[in-house]
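The next block holds one structure in the form of structure tokens; read it before the comments.
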Amino acid sequence: MVSSAGPDPGAGRRRALRFILCLGLVSLFGDMAYEGARGVTGPYLALLGAGGAAVGLVAGLGEFAGHVLRLASGVAADRTRAYWPLTFLGYGLMLAVPALALVTSWPAAAACLVLERAGKALRSPARDAILAGAAREVGRGTGFGLHEALDQVGAVAGPLLLAGVFALGLGYRAGFAVLVVPVGLALLALWRARAAAPPEPPRAGAGRPGAAVPTRLGRRFRAYVLFTFFAVLGLANFPLVAYHLGVTGAVSRTTIPLLYALAMGVDALAALAAGRLYDRLGLAVIGGVPVLTAGATALAFAPGPGAAVTGVVLWGAVMGLHEAVMRAAVADLAPRWRRGTAYGIFHAVYGAAWLAGGWTMGALHDAAPGALAAFAAGAELLALAAFAAGLRPGQGDG
């Protein structure tokens, strides 16, 4: 009797997992380059003659460009279907990081930094749309959580790489030049990911003239955008937390970088755990973000080293939730053929809230420190209200 084996039901899942791992390695090497440079660009700009105002302007402009430009790139990805070309072009612009070794003036260095952030804006919506499609096979929370965990490995390894270069007695230019290696590895991993990509399913309605293709970003997605704005508005950025810890003496200055490394480690672990939980419970997990955020901000700015460390740990957990389940939720709330646009909107709103919240909390820290935690709590209450109004499990899109 001849037996024939049917299709392997686990083959699609294994292929998707390999693909997610490849994309995760792209982000790992990319973050090695960017985060390695990020920690020393301020002193490097100063060495080239930039003042404090110029350093602040360059940093702010880069982050603004890195988030707000994602709206245009997301729309372009959906309209052109050029998800992979945009992803390759965006990662190619990371060559601006090792190019810092060649500049001789701070405006030229500033141009490199802004160009790298623009590259991130170009690639992120297209890459996340690609990732969302593959992650469906393994669970979107799991897929995005694994991607974020690998990303954070790079975020820790990059600064350590630069520290090693400096420990050898080499300077900034040598440090930036070394970063061409992780950039090259990121591009190589991206080429391998493209080759390993699962086949793209046909577009809804393909081959059927007049068939409707779902493209509407509905009420639940709009509620999610509102939720995102308030959830991010109440989260203090780490530079402000570090500034507070330094000026108050809550911990020693040498401890602050170690706390950041701790937060990045917690970020990676939280992303993995929260991603698995999201695949089981769905959007209900999102409702926990405002609670953890309010607690993280309150503790990080509370007196005493114990509260500060606890706040930083919670801050890392919140960032893990942001990068894993909040990104996964975008794919679940948007039609497949509008995911690039949806991710562009999500990141643009995220960046605007990050900028507004950081400026507001920074001003409150200087003028009325006691009001900072109250502002964060108020923002997170509004986020919970948006969740309850439009995102509770079982609600339709209407």
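Couple of notes before you dig in:
- Most mobile of Leu259, Leu122, Leu25 in a GNM of the chain (Cα contacts under 10 Å): Leu259
- Over 14 Å [Cα-Cα, region 314-363], rounded percent: 62
- Förster-model FRET efficiency, 25 Å R0, Leu47 and Ala167, C-beta, rounded to 0.05: 0.85
- What the chain shows is 43 Å² of accessible area per residue, with the surface traced by a 1.4 Å probe over protein heavy atoms.
- With the simple model of a label 7 Å out from the Cα in the direction of the Cβ, Ala284 to Leu381 spans 2.6 nm.
- Rounded FRET efficiency, nearest 0.05, which uses the C-beta distance separating Leu258 from Ala177 and R0 of 35 Å: 0.80
- Sparsely packed loop sites in region 240-320 (the trypsin sites (Lys or Arg not before Pro) outside DSSP H, G, I, E and B with at most 15 other Cβ atoms within 10 Å) comprise Arg253.
- Counting every pair of alpha carbons in region 79-156, the share spaced more than 18 Å apart comes to 55 percent.
- Separation between Cα centres of region 267-309 and region 131-157, rounded to whole Å: 18
- Along its three principal directions, the equivalent ellipsoid of the chain from the Cα gyration tensor extends over semi-axes of 34, 27, 20 Å, largest first.
- Modelled FRET efficiency - R0 30 Å, Ala111 with Ala72, Cβ distances, 0.05 increments: 0.95
- Placing dummy labels 7 Å off each Cα toward the beta-carbon, the span from Ala196 to Ala374 is 5.2 nm.
- For the chain: relative contact order, % (alpha-carbon pairs under 8 angstrom, 6 or more apart): 26
- In the chain, helical runs assigned H by DSSP with n ≥ 4 each contribute -39500 (n - 2.57); averaged across all residues and rounded to the nearest 500, the mean residue ellipticity at 222 nm is -25000 deg cm²/dmol.
The values are calculated or read from the model by the stated rules, or taken from the named source; none is laboratory data. The model shown is predicted, which means the values in this text are computed figures rather than measured ones. Please note: Cβ atoms are built from the backbone with ideal geometry, for glycine as well, and neighbour counts cover all protein chains shown. Just the protein is used for accessible areas: all its heavy atoms, side chains included, with ligands, DNA and RNA removed. Shrake-Rupley method; radii C 1.70, N 1.55, O 1.52, S 1.80 Å.
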